[in-house]
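Coordinate-derived values only; no laboratory data. Just so we're clear, the structure is a prediction, and the values are computed from it rather than from any experiment. Methodologically, a virtual Cβ is constructed for each residue, glycine included, from the backbone with ideal geometry; neighbour enumeration extends over all protein chains shown.
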Amino acid sequence: MDHHRHLLATHDPEIAAAIAGEEQRQRDGVELIPSENYTYPEVLAALGTVLTNKYSEGYPGRRYYGGQQYTDRIENLARDRARSLFRAEHANVQPLSGSAMNQAAYLACLQPGDTVLAMDLSHGGHLTHGAPVSHMGRLFNFVRYKTQHNQQGAIDYDGLMAVAQEVRPKMVLCGFSSYPRELNYAAFRRIASSVGALAMADIAHIGGLVAAGVLRNPLDDGFDIVTTTVHKSLRGPRAGLILCRAAHAKAIDASVFPGLQGGPHMHTIAATAVALRKAAEPAFRDYARQTLANAQALAAALLSEGIGLVTGGTDNHLLVLNTIDSFGLDGSRAEAVLDHIGITANKQVVPDDPHPPLRPSGLRIGTPAATTRGMREPDMHAIAGWMVQALRHPDDKALQARLADEVQTFCRRFPLPGVAA
Ligand code: DSN
């Protein structure tokens, strides 16, 4: 690694300096974006290898290029580990990332114009769940369901059953990128079965928490297809996984390649295999438990300060704050204020947000990255305290400078995984 670094610094000092700057930024700040994490040094080692030189279109044992004795071994290991970790009948480890994995899943099972039930974007759903600005939203007929504001964000499953009877979807999709509650997968499965639809769950955010067994696995409730990214709570490289029942294996594989993608990124697949092996170790379960405990601690600390949380709390790793109600700041301003003190979060729409996505009413935070760094419950209380002080005094530059110093000093106690101090 050091040798490679030295080469890069000599050959391309501008890029080397920017990477060094990013390392410094990650080291000196608290990372609260709930979809981010710090990957393992072993994953970084697998990513920076000669596997990036190789074309491997096809699947193990039936490729369109020669020289696959090692790539086949790697992809088989990744598939076996994914199947075993998630108790899946089949795994496809080739999706380049989250959007591609969902697109491949839809295109495997649906015809253009088919109806899909999916969660509304402002209530926590994802762009690929049929947001009108997404290509998927143009290709399929997404009918969106919402969460119940006065029921801690719960989903009205009886109401959803009635909608399903009316619109007769081909697929019932659940999953989210900004919803802090656990889902009732058995209820989704019943709704899908009642109209002969497929049940698909996008667990992109919580894949690591499901793998560790601290959140429920939709495959245990009979789901047909489950997708997850590898780089969020699973702590792997940037990639996607599709897990499914054997009956869908052929369609899913053909949809990923040759349907949607070309050559798989074998360096990423090797790194995925490494992360999946790590996720099967007992230490990963401890990590996942701590991620949830930290989210509870962060929520409790913010609630004790009277800060408004969408749904009133969290069951998983993420929280959504209504910053307009709590601080009179839109999410964009709140994000910038926190950036100034070294706490990274991201602006976020809240349910039925009257404001646009670039200036929404809220902020999304989460604990996977801070937990990887070694932060624990008392640290969450300290972080909540810094956030509240800064957001209550957004124009106080002297206060922000003092808080930035405190955050930086605090962060130095927690080494950056995978990077020499
Ligand atoms: N960008 C991911 C997230 O932040 O949730 C989802 O696409």
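With the charge dipole of the stretch 212-288 set up from +1 on Lys and Arg Cβ and -1 on Asp and Glu Cβ about the Cα centre, the Cα lying farthest toward the positive end among the listed residues 283, 261, 218 is that of 283. A simple spin-label model places the labels of residue 49 and residue 168 5.1 nm from each other, with each point 7 Å out along Cα-to-Cβ. For the pair residue 251 and residue 138, a Förster radius of 25 Å applied to the C-beta separation gives a FRET efficiency near 0.70, rounded to the nearest 0.05.
Dividing the mean sequence gap of close Cα pairs (under 8 Å, 6+ apart) by how many residues the chain holds gives a relative contact order of 23 percent. For the stretch 352-407 versus the stretch 134-203, the spacing of their alpha-carbon centroids is 31 Å. The alpha carbon convex hull volume per residue for the stretch 148-222 rounds to 90 Å³.
Along its three principal directions, the equivalent ellipsoid of the stretch 1-55 from the Cα gyration tensor extends over semi-axes of 22, 18, 10 Å, largest first. With a threshold of 24 Å on the Cα-Cα distance, the over-threshold entries among 347/397; 54/232; 146/250; 232/347; 146/347; 232/278 are 54/232; 146/250. Fully extending the segment from residue 17 to residue 157, taken as 0.36 nm per residue of separation minus the present Cα-Cα distance, adds 45.2 nm. Remark: relative contact order (the stretch 271-368) = 24 percent; criterion is Cα-Cα distance under 8 angstrom and separation of 6 or more residues.
Remark: the stretch 55-64, residue by residue, has Karplus-estimated 3J(HN,Hα) of 8, 9, 4, x, 9, x, x, 8, 10, 9 Hz, where x stands for each Gly or Pro and the curve is 6.51 cos²θ - 1.76 cosθ + 1.60 at θ = phi - 60°.
Between the residues 85, 67, 150, the greatest Cα displacement towards the positive end of the dipole of the stretch 62-152, with unit charges on the Cβ of Lys, Arg, Asp and Glu, is found for 67.
Across the stretch 5-147, Cα-Cα distances exceeding 28 Å account for 47% of all pairs.
Only Cα sites of the chain enter the Debye sum here, all with the same form factor; the resulting log10 I(q)/I(0) across q = 0.13 1/Å is -1.17, listed in q order. Multiply the residue separation of residue 24 and residue 70 by 0.36 nm, subtract the distance between their alpha-carbon atoms, and state the gained length in nm to one decimal. Working it through step by step, the gained length comes to 13.0 nm. As a length-normalised measure over Cα pairs under 8 Å and 6 or more apart, the relative contact order of the stretch 240-320 settles at 20 percent.
Which residue, chosen from 118, 26, 56, occupies the Cα position most advanced towards the positive end of the dipole of the stretch 1-151, where the dipole is computed from +1 (Lys, Arg) and -1 (Asp, Glu) charges on Cβ about the Cα centre? Most positive-ward Cα: 118.
How big is the dipole moment of the chain about its Cα centre under a simple scheme where the beta carbon of each Lys and Arg is +1, that of each Asp and Glu is -1, and everything else is neutral? Debye, nearest 20, please. Each step should come with its number before you reach the end.
Working: 40 positive and 41 negative charges, 191 e Å.
Dipole magnitude for the chain comes out near 920 debye.
Whole-Hz Karplus values for the stretch 317-330 come out as 9, 10, 9, 10, 9, 8, 7, 5, 5, 7, 10, x, 10, 6 Hz, taken residue by residue from phi with 6.51 cos²θ - 1.76 cosθ + 1.60 and θ = phi - 60°; glycine and proline positions read x. DSSP bridge analysis restricted to the stretch 194-353 gives an antiparallel fraction near 65%, rounded to the nearest 5. Remark on residue 239: its backbone amide H falls under 5 Å from those of 230, 231, a criterion applied only to residues 5 or more positions apart or on other chains, H modelled at 1.01 Å from N.
Non-local amide H neighbours of residue 346 (under 5 Å, H modeled in plane, Pro and chain starts lacking H): which ones? Under 5 Å from the amide H of residue 346: 364.
Based on the mean of other Cβ atoms within 10 Å per residue, sort peptides 73-81, 264-272, 363-371 so the most packed one is first. It would help to have the intermediate numbers written out before the result.
Numbers: 73-81: 20.6, 264-272: 25.1, 363-371: 28.6.
Answer by packing, highest mean first, reads 363-371, 264-272, 73-81.
Antiparallel beta bridges, as assigned by DSSP with both residues in the chain, represent about 55 percent of the total such bridges. The smallest convex shape that holds all Cα atoms of the stretch 293-418, its convex hull, gives 101 Å³ per residue. For the chain, hydrophobic long helices are taken as DSSP H runs at least 20 Å long by C-alpha position along their axis with mean Kyte-Doolittle hydropathy of 0.0 or more; these are 282-304, 377-392.
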